Amino acid sequence: MKIKILIVSALVLIIPLSFLFTGCSNEDENKAMDEKISRLEKEAEKHIIYKIQEQQSYFSKHKTFFKPPDERGTKYGYFPPIFGREICYGYYTEINADFISKTTIDAVYSYAVQDYCNGKWGFELKSYVGAVFAVPITGDKQLKTLSIVCKNVEIYGRIPSRPEYINGVVKCPNKTTKVY
């Protein structure tokens, strides 16, 4: 009888402990996933800001913008590469020749949108859009650049609209927030 009570007591202690450890494991996994998402989004934000700064620098020298090739980027994973790396953002650029005149490129837009992460869709990332506008300096024939980078406030699936330049002000589109 004492052995049965001891076994039952042991089982009663083991079962709640297993629930406790399982709960911690899921909590740790969620925290790790949140950190991964945050890291990927920060990398994408930095990359778009870099692309915008690159366009501004190029414009100051050449008085036009350039369209770089689209790229898959923001790699996340383990090193060395034999263990695999995830590519979680795709980057692309659009140019707008209609902004001020029909003959030169007067605005450029850069986007960072979630890629397929090597087939691992277990999380959603926010999109980014950046823009550089070439605008006339009041009373001068020279142009200056104004830029902005916006982060989508909604999750995956929504490519942000383009930022706007209206009456001397650059602003983010609806459902985005300015990050640069």
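Each value in this text was obtained by applying a stated rule to the coordinates, not by laboratory testing. None of these values were measured; they are calculated from a predicted model. We place every Cβ from the backbone using ideal geometry, glycine too, and count neighbours over all the protein chains shown.
Among Lys63/Lys171; Lys141/Lys178; Lys31/Lys175; Lys42/Lys171; Lys126/Lys175; Lys61/Lys151, which pairs are too far apart, with a Cα-Cα distance over 18 Å?
Too far apart for the 18 Å limit: Lys63/Lys171; Lys141/Lys178; Lys31/Lys175; Lys42/Lys171; Lys61/Lys151.
Can you list residues from other chains, or at least 5 along the same chain, whose modelled amide H is less than 5 Å from the amide H of Ser127?
Distant-sequence amide H within range of Ser127: Asn152.
Below 14 angstrom from the Cβ of Tyr180, what's the summed charge of the other residues (Lys, Arg +1; Asp, Glu -1)?
+3
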